[in-house]
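Asker: One structure, pasted below without further comment.
The values are calculated or read from the model by the stated rules, or taken from the named source; none is laboratory data. Everything quoted here is computed from the prediction, not taken from an experiment. Cβ sites come from the backbone with ideal geometry, for glycine too, and all protein chains shown count toward neighbours.
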Amino acid sequence: MSQPILKTIPLSELRISRLNMRHSRKKPDVSDILPSIRESGIRQTLLVRKEGDHYGVVAGRRRYFALKEIEKETGETPLVPCAIMAEEDAASAIAASVIENVGRLPASEMEQYTAFKRLHDEGRSVDEIAAFFGVTELLVRRVLALASLSEPIRKLYAEEEIDRETIRALTLATEDQQAEWLRLYESEDERAPRGRNCKAWITGGTVITTDKALFDIADYEGQITADLFGEHGVFADPETFWKAQSATVAQRVEAYIADGWKDVICLERGAFFHRWDHQSRTKKQGGKVYVELRHDGTVTFHEGYISQAEARRQEKAKSGQKDTPAAPVKPEMSGPLAEYILLHRHGAAQASLATQPAIALRLMVAHAMTGSALWDIRAHECRTKKPDTRTSLEASKAAAEMEERRAYVASLFEALGVRGEARRNTDAYRLCELFAALLAMSDEEVMEVLAFTMAQTLEAGGPIAEAVLHVCETDLPAYWKPDAAFFDLLRDKRAINAMVADIGSTSLAESCAGDTAKVQKQIIGNRINGHGCEPNPDWRPAWMQTPPTRLVECAGSPPADAWARVAELFEGRGEHIDGAATQAFDQPHAA
C-alpha cells in the first residue's frame, strides 16, 4: 500500500466504505471504547479512501460509530484524524479491513470468502493473500473454493442452513450436480445428501452413463446396460469404459500438442482443476491444457492456463530473480505400508476398547452427539487389496482377542434364548428381540456388550484409533511384531536406515546407508533374532509405539499425523478418565 495522506476530516463527510468487510452488518456495540474516546478522543487514525463526495471508512468502523454517539450527545460534529488511501488501491483497502476486523474478532468463513475473493479479483495471488494475513495457503484455497458454488448454495451456507462438511463436499460438485442438490434440498418428498453422504453422492461410485463417452458408442466392444428410468445407458464394466475413454483422451492430447499448445497435463482421475489457483494464458503465451477426469466418466479439457507457481516463476525470470524451491520431502510410507500399519494399530485399538467399557461408553456417547444420518452404523470390514496384509491381520493377537469377545457376547444372548450375532439394518422384531434380552442382563453384562459393539464399529486409519490407543494405554508391542508382510511392504530406504539406527546404532546406520534396502532389512531382522548379536525380540519401530512418531523428519506419516492432529485433546487426561471409570463402576447397580 502506498503511503497514505494524513488529514483531519469532519465526521459528517465519513461513511462506512463498501470495501469494509462489515459494511452491511448491524451497528456494533461500542460501550467498551466510548468512555476512552469521550475523555481522550481518537488516538488511532481511521483508514479512509475518497469515494465520490465523501470518504469511506475502510478500517475503524467501531471508532466511527463511537464518534457518532458522541455527536448525538454533544450536538457538535467532531473532527476525525484520518489516513487517506489512494482511490485506486482497492486491494490494500480490502486487506486493511480484513486485518482490522480479524485482529479484533475472528471473521466467519463467508466473510473471509468475500474479502479474499475481492483481493483475488484485484490481482492478488493465493500466496500473497496468505502471506498478507499470516494464514496458510491451504486456508486461502479452501475459502476461495466457495467461489465454485452457486449463489443460492452460498446463501444457504451464510444463513447456516448448510453445515461445513456438506458445503466443502459441494465445492467438488459440477454446476449440474449443484442444481440437482438444490432441487433435492427444496423438495418435500426427497432428501438432499449431507456431510459424508454428500461427498459420496458427488463422487458417484462407478456408475458411468453413456453420455460421458468421448468415443463412438457404435465402436464400443464392452457391455452397455439399458436404464429404463434414465435418459442414457450405463457401462456395465468401468474398467473397459476407461480403457476406451483413455485411448480417446490420448488422441485428443496428441492433437493439442500438434496444434501448438505448450503442454497437456492429465490430472489424476478424481482430482479437480481449480481455476482460482491458475492464471489464464493464450497458446502463444505458453498456456497449457489441463484434462480433468471425474469418477463418473466426465472429461473436461481446460484450455489456456498455467499454475500460480509457474506464473510466479515467469515473473521472477523477467525480473532476473532466481527461484530454487526446496524439493518436497516424500512420505516415509508407501500407500500399502501405511494401510498395513494403520490396520494393525486399529486392530489393537479394537481389542483394547472391547475390554474398557467405561471408555467405550464415553466414545459411544460422542458418536451419538456428533451423529450422522440417523446414526447409520456398520461394523468395520477389512477392505485391503493385499492378501499378505489380510493374512497378517487374521493371524494377529488382536483378531484372536476380538473373536474371544465375540463368542463371549454371543453366549450372553444365547443364555437367554436369543441369537447373539449382530445383524445390521435388520427388521423391527429383531431390534425388539435384542432390546428385551438386554433388559434381562446385569449392568456389567450390558456394558461388556456395549464395549464390544463400540470396538466393532471403530473407524480405521484416523485420529480416533490413535486416541483410543492412548486413553486405553494399549501395549502395542504385545499385539504386533515385525512379520514377513511388514518387511515385504517396507521400501523407503530413509525409514529403513532410521530403523537400523534405532535397533543398532547411528554409526551402524551410517556405515550401511549406501547398501540396498534388502541388505538393511536383513540387518534389522538379524538384530531382532540375535544373529551375531544379542537378540532384541521386543524391538518395535516408532510407527508401532504409543504414541507413534515419524522416522523421517518432515515426511508424511499417517499414524504420526493422525495423532498429532488430536494429541492436545488427550495428553495428560488419562488419570481423570481412569478416575471417572472407577467411580462409575463403584456405584451400586440397579436391581
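Asker: Between a first residue in the range 254-280 that is at pLDDT 90 or above and a second residue that is among the hydroxyl-bearing types (Ser, Thr, Tyr) and part of a helix (DSSP H, G or I), which pairs have beta carbons less than 7 Å apart while being 6 or more apart in sequence or on different chains?
Answerer: From residues that are at pLDDT 90 or above, the pairs are 264/256.
Asker: Given the conditions (1) at positive phi; (2) modelled with pLDDT of 80 or more, report the number of the one that residue 454 does not fulfil.
Answerer: Only one criterion in (1) at positive phi; (2) modelled with pLDDT of 80 or more is unmet by residue 454, namely (1).
Asker: Suppose we keep only residues that are over 22 Å from the mean Cα position of the chain (by Cα) and not hydrophobic (A, V, I, L, M, F, W, C) within the range 121-133. Which one would you say is modelled with the lowest pLDDT?
Answerer: 122
Asker: Applying the selection to the range 501-527, what residues are within 24 Å of residue 389 (Cβ to Cβ) and either among the small types (Gly, Ala, Ser) or touching a Leu at 6+ places or on another chain (Cβ under 7 Å) (or both)?
Answerer: Selection gives 517, 521, 525.
Asker: How many residues does the range 34-76 hold that are within 20 Å of residue 7 (Cα to Cα), out of contact with any Pro (no Cβ under 8 Å at 6 or more places or on another chain) and outside any loop (DSSP other than H, G, I, E, B)?
Answerer: 16
Asker: Same structure again: Enumerate the pairs (first residue in the range 178-191 and closer than 16 Å to residue 161 by Cα; second residue anywhere and part of a loop (DSSP other than H, G, I, E, B)) with beta-carbon separation below 7 Å, excluding pairs fewer than 6 apart on the same chain, so at least 6 apart or on different chains.
Answerer: Pairs that qualify, where the first residue is closer than 16 Å to residue 161 by Cα and the partner is part of a loop (DSSP other than H, G, I, E, B), are 178/149; 178/150; 181/173; 181/192; 184/190; 184/191; 184/192; 185/192.
Asker: Has the range 528-550 got at least one residue that is without any contact (Cβ under 8 Å) to a residue 40 or more places away in the chain, over 21 Å from residue 331 (Cβ atoms), surrounded by 18 or more Cβ atoms within 10 Å (Cβ to Cβ) and touching a helix residue (DSSP H, G or I) at 6+ places or on another chain (Cβ under 6 Å)?
Answerer: no
Asker: Does at least one position in the range 77-84 carry a residue that is modelled with pLDDT of 80 or more and farther than 17 Å from residue 6 by Cβ?
Answerer: yes
Asker: Considering (1) among the β-branched types (Val, Ile, Thr); (2) assigned to a loop (DSSP other than H, G, I, E, B); (3) within 21 Å of residue 297 (Cα to Cα), say which one residue 282 fails and leave the rest.
Answerer: Of (1) among the β-branched types (Val, Ile, Thr); (2) assigned to a loop (DSSP other than H, G, I, E, B); (3) within 21 Å of residue 297 (Cα to Cα), only one is false for residue 282: (3).
Asker: Just the residues that are of a type in the set (A, V, I, L, M, F, W, C) and at pLDDT 85 or above, please, taken from the range 134-160.
Answerer: 153, 156
Asker: Within the range 256-295, how many residues turn out to be farther than 30 Å from residue 139 by Cβ and under 29 Å from the mean Cα position of the chain (by Cα)?
Answerer: The total comes to 1.
Asker: Can you tell me which residues in the range 233-243 are touching a strand residue (DSSP E or B) at 6+ places or on another chain (Cβ under 9 Å) and closer than 14 Å to residue 221 by Cβ?
Answerer: Across the range 233-243, the qualifying residues are 235, 236, 241, 242.
Asker: Out of 216, 163, which single residue is farther than 17 Å from residue 270 by Cα, at pLDDT 85 or above and of a type outside the set (A, V, I, L, M, F, W, C)?
Answerer: Sole residue among the options that is farther than 17 Å from residue 270 by Cα, at pLDDT 85 or above and of a type outside the set (A, V, I, L, M, F, W, C): 216.
Asker: Ok, one more. Of everything in the range 225-253 that's of a type in the set (Val, Ile, Thr) and modelled with pLDDT under 75, which residue is farthest from residue 286 (Cα to Cα)?
Answerer: Among those residues, the one meeting the criterion is 225.
Asker: Filter the range 187-210 for residues that are assigned to a helix (DSSP H, G or I) and in contact with a Pro (Cβ under 9 Å, 6 or more places away or on another chain); which is modelled with the highest pLDDT?
Answerer: Taking the range 187-210 as the starting set, the residues that turn out to be assigned to a helix (DSSP H, G or I) are 195-203, 210.
Narrowing further to those that are in contact with a Pro (Cβ under 9 Å, 6 or more places away or on another chain): 199-202.
Values: 199: 66, 200: 63, 201: 75, 202: 68.
Within the range 187-210, the match that is modelled with the highest pLDDT is 201.
Asker: Related question: Would you confirm whether any residue within the range 489-497 is of a type in the set (Asp, Glu) and not assigned by TED's automatic domain parsing to the domain that holds residue 345?
Answerer: Checked the range 489-497: at least one residue is of a type in the set (Asp, Glu) and not assigned by TED's automatic domain parsing to the domain that holds residue 345.
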